[in-house]
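Student: First the structure, which I've put down as structure tokens, then a few questions once you've had a look.
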Amino acid sequence: MPELPEVETVRRVLHERYAGKTITAVALGRPTFCRKPSADTLRALTGARISAFRRRGKYLLMVLEGRGEVVFHLGMSGRLTVGGESPHVRFQFWVGTEEVRFHDSRRFGRVGGLLPELGPEPLEALFDADYLWKTLHGRTAPVKALIMDQRLIAGLGNIYATEALHLAGIRPGRAGKSLKRGEVEKLAAACRKVLQRGVELGGSTLDDESFLDPLGRPGRMQKHVKAYGRDDCGTCGSPLLDAKKSIGGRTSRYCPACQR
Ligand SMILES: [Zn+2]
């Protein structure tokens with residue numbers, strides 16, 4: 001599932017390629033697309049000039065000159081590509097002769113609609129140890145679930161939350177309120193660090209639903225993960241364990257030696 005670094009990677013490619021250009025045509029793909037763009041969205045797009053691609057958390061926004069913004073949510077497996085073959089094209093638009101396709105094999109993706117309420121992002125100044133301390137304070141939910149809650153902190157999903165907790169030396173199943181101030185400081189820094197690294201490396205490509213950028217290029221973050229999707233710890237080599245309870249419906253891997 002695309003997280004902040006993957007969406008940022010998509011944004012950079014599309015911005016560089018299409019900012020300042022005009023959308024010449026739009027089309028809807030298969031009728032099975034349940035959350036298709038509304039008629040208003042389609043009208044706004046046709047003939048519009050793209051002033052920028054922005055990102056907020058895991059959402060990509062196409063800013064149209066004088067016509068507002070169109071929100072893209074990639075969901076679990078949504079992708080935006082420049083041309084390319086796919087049996088699951090849901091929506092497409094043309095910029096000059098180039099075709100940009102939104103495809104999604106699982107239909108959790110979305111085009112149009114409003115941006116939900118989102119917390120600050122770890123790469124913004126609003127997010128710091130004080131903010132994280134206040135956010136975790138008094139909460140009994142697992143720390144991993146709290147840092148993945150987009151209303152509290154925007155951008156982290158399973159991969160980067162797993163990596164941030166590993167880097168900070170904190171087990172994913174611990175209650176938010178159990179963290180000491182020093183641990184919160186380490187975790188705030190770790191959230192920033194793993195996301196920064198993910199952006200620098202063009203995202204991570206390691207799942208069955210592998211992430212590729214709009215030009216079909218894989219990311220490189222997967223070569224640097226220390227816990228997510230691994231059997232042994234990337235720092236000390238110990239066999240990794242899964243937290244007993246699933247967190248947010250997902251397994252949570254951690255190192256029993258490096259994480260407390
Ligand atoms: Zn370890």
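Student: Which of the residues spanning segment 226-248 are open to solvent by 70 Å² or more (accessible area, probe 1.4 Å), among the charged types (D, E, K, R) and farther than 18 Å from ALA164 by Cβ?
Tutor: Once the filter is applied, which keeps residues that are open to solvent by 70 Å² or more (accessible area, probe 1.4 Å), among the charged types (D, E, K, R) and farther than 18 Å from ALA164 by Cβ, segment 226-248 yields ASP231, LYS244, LYS245.
Student: Quick check on segment 249-259: of everything there that is away from the ligand (no atom under 11 Å from the Cβ) and of a type outside the set (D, E, K, R), which residue is least open to solvent (accessible area, probe 1.4 Å)?
Tutor: For segment 249-259, the residue satisfying everything is SER252.
Student: Further question on the same structure: Among (1) surrounded by 20 or more Cβ atoms within 10 Å (Cβ to Cβ); (2) at pLDDT 90 or above, there is one condition PHE33 misses while meeting the rest; what is its number?
Tutor: (2)
Student: OK, next. Give ALA190, ALA154, ALA227 a once-over and let me know the one that is within 16 Å of the ligand (Cβ to nearest atom), in a loop (DSSP other than H, G, I, E, B), at pLDDT 95 or above and not aromatic (Phe, Trp, Tyr).
Tutor: Exactly one of ALA190, ALA154, ALA227 is within 16 Å of the ligand (Cβ to nearest atom), in a loop (DSSP other than H, G, I, E, B), at pLDDT 95 or above and not aromatic (Phe, Trp, Tyr), namely ALA227.
Student: SER210 fails exactly one of the following numbered conditions: (1) crowded, with 18+ Cβ neighbours inside 10 Å; (2) within 14 Å of the chain's Cα centre (by Cα); (3) assigned to a loop (DSSP other than H, G, I, E, B). What is the number of that condition?
Tutor: Failing condition for SER210: (1).
Residues checked against (1) open to solvent by 40 Å² or more (accessible area, probe 1.4 Å); (2) touching a helix residue (DSSP H, G or I) at 6+ places or on another chain (Cβ under 8 Å); (3) at pLDDT 95 or above:
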| site | (1), (2), (3) |
| --- | --- |
| TRP94 | yes, no, yes |
| ARG101 | no, no, no |
| ASP130 | yes, no, yes |
| LYS134 | yes, no, yes |
| LEU146 | no, yes, yes |
| ALA168 | no, yes, yes |
| GLY182 | yes, no, yes |
| LEU201 | no, yes, yes |
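The values are calculated or read from the model by the stated rules, or taken from the named source; none is laboratory data. Source: prediction; values computed, not measured. Because the Cβ atoms are built from the backbone with ideal geometry, glycine has one as well, and the counts that use them run over all protein chains shown. Quick note on the areas: whole protein, heavy atoms, side chains included, nothing else; ligands and nucleic acids left out. Shrake-Rupley method; radii C 1.70, N 1.55, O 1.52, S 1.80 Å.
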